[in-house]
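Engineer: Dumping the structure here so I can ask a few things about it.
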Amino acid sequence: MIDLHHVTKKYPNGIIALEDINLHIDKGEFIYLVGPSGAGKSTFIKLLNREIKASQGQIYVGDFDLVKMRGKQLPYLRRFLSIIYQDYKLLDNKTVYENVAYAMEVIEKPRKEVKQRTMEVLELVGLKSKERMYPRELSGGEKQRVSIGRAIVNTPRVIIADEPTGNLDPETSWGIMEIFEEINNQGTTVIMATHNSSIVNTLKHRVVALEGGRIIRDDERGEYGYEA
Ligand code: ADP
Ligand code: ADP
């Protein structure tokens with residue numbers, strides 16, 4: 001489903017953020033991406049989302065060849081692979097419902113389908129009772145639930161989450177993890193960059209560890225492996 005062959009990313013300033021990365025990710029996997037600050041996690045995510053291009057190597061995401069891909073295919077890649085950020089990036093002037101529905105409206109889904117799917121997603125993320133509230137009225141955990149809802153509403157095959165619990169307290173973080181587990185159980189591939197050692201060591205999944213732009217560990221049901 002996702003393949004990287006000898007991928008290197010060198011930024012214009014000469015920094016080599018990723019070097020000779022080889023990685024295969026199967027459909028339905030759940031992967032934690034760990035490593036110290038500066039290891040290359042964000043660069044890895046940006047490469048998969050085609051925000052930036054690799055300097056060398058091949059990247060395949062589903063049927064997309066990210067090296068050969070044309071710009072006009074980007075909207076389709078973004079539907080196949082959806083990103084969730086630590087800081088939510090919600091639309092402040094839209095309600096919970098509208099933030100989620102909007103992702104379907106921009107690709108011109110029929111009104112009835114938008115309504116039905118949006119309500120289904122709000123149910124999954126536990127926000128049905130808050131559909132009319134605005135982001136400013138929500139807690140951090142609720143905002144993250146909205147951003148997850150928005151990310152999954154067009155049923156992507158891959159979800160990438162960049163430190164989704166980074167701004168949340170432990171209890172709220174566990175609630176967010178339940179949603180990711182559910183999404184993964186429904187067959188969606190989940191890749192999560194995280195510094196949350198208790199989550200990684202408790203909800204066991206494959207752990208890919210980056211350091212200095214290289215993969216230094218890749219373990220099925222691995223450990224976080226750093227001091228918290
Ligand atoms: P992480 O997400 O693991 O903290 P990053 O991918 O952000 O790591 O960074 C990896 C390396 O690339 C770091 O040395 C960082 O300073 C560098 N870097 C990240 N983004 C850029 C950029 N846009 N231009 C130049 N260097 C960058
Ligand atoms: P109408 O009643 O004019 O057919 P809708 O009820 O479908 O329109 O939508 C009106 C506005 O309310 C739209 O901006 C839509 O995004 C939003 N909306 C639609 N359904 C709901 C809902 N169940 N809860 C909250 N907002 C909704």
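Values in this text are rule-based calculations from the coordinates and carry no lab data. Everything numeric here is computed off the predicted structure, so don't read it as measured data. With ideal geometry, Cβ positions are generated from the backbone for all residues, glycine too; neighbour counts draw on all protein chains shown.
Engineer: Give the range 1-30 a look and list any residue that's surrounded by 21 or more Cβ atoms within 10 Å (Cβ to Cβ) and under 26 Å from ILE199 (Cβ atoms), or say none. Steps first, answer last, please.
Structural biologist: Let us first name the residues in the range 1-30 that are surrounded by 21 or more Cβ atoms within 10 Å (Cβ to Cβ), namely 2, 4, 7, 9, 17-18, 21.
Hits for the range 1-30 are ILE2, LEU4, ALA17, LEU18, ILE21.
Engineer: Starting from residues that are within 8 Å of ligand 2 (Cβ to nearest atom) and not β-branched (Val, Ile, Thr), keep the ones in the range 91-101 and report whichever is surrounded by the fewest Cβ atoms within 10 Å (Cβ to Cβ).
Structural biologist: So, considering only residues that are within 8 Å of ligand 2 (Cβ to nearest atom) and not β-branched (Val, Ile, Thr), the one surrounded by the fewest Cβ atoms within 10 Å (Cβ to Cβ) is GLU98.
Engineer: Sticking with this structure for a sec: Out of all the residues in the range 103-112, which are part of a helix (DSSP H, G or I), more than 8 Å from ligand 2 (Cβ to nearest atom) and either in contact with a Lys or Arg (Cβ under 9 Å, 6 or more places away or on another chain) or within 20 Å of ILE183 (Cβ to Cβ) (or both)?
Structural biologist: Within the range 103-112, ALA103, MET104 meet the criteria.
Engineer: Among the numbered criteria (1) among the aromatic types (Phe, Trp, Tyr); (2) under 16 Å from VAL207 (Cα atoms); (3) without any contact (Cβ under 8 Å) to a residue 40 or more places away in the chain, which single criterion is violated by PHE44?
Structural biologist: (3)
Engineer: Please count how many residues of the range 161-187 are among the small types (Gly, Ala, Ser) and free of Cβ contacts under 8 Å to residues at least 12 places away in the same chain.
Structural biologist: We begin by selecting, within the range 161-187, every residue among the small types (Gly, Ala, Ser); these are 161, 166, 173, 175, 187.
In the following step, the residues that additionally are free of Cβ contacts under 8 Å to residues at least 12 places away in the same chain were identified as none.
Qualifying residue count for the region: 0.
Engineer: Still on this structure, please answer the following. Please find, within the range 31-60, the residue that is surrounded by the fewest Cβ atoms within 10 Å (Cβ to Cβ) out of those that are assigned to a loop (DSSP other than H, G, I, E, B) and under 17 Å from the mean Cα position of the chain (by Cα).
Structural biologist: From the range 31-60, those assigned to a loop (DSSP other than H, G, I, E, B) are 35-40, 49-55; that's our starting set.
Among the residues that remain, those that are also under 17 Å from the mean Cα position of the chain (by Cα) are: 35, 40, 49-52.
Working: GLY35: 23, GLY40: 23, ASN49: 19, ARG50: 20, GLU51: 12, ILE52: 14.
The selected residue is GLU51.
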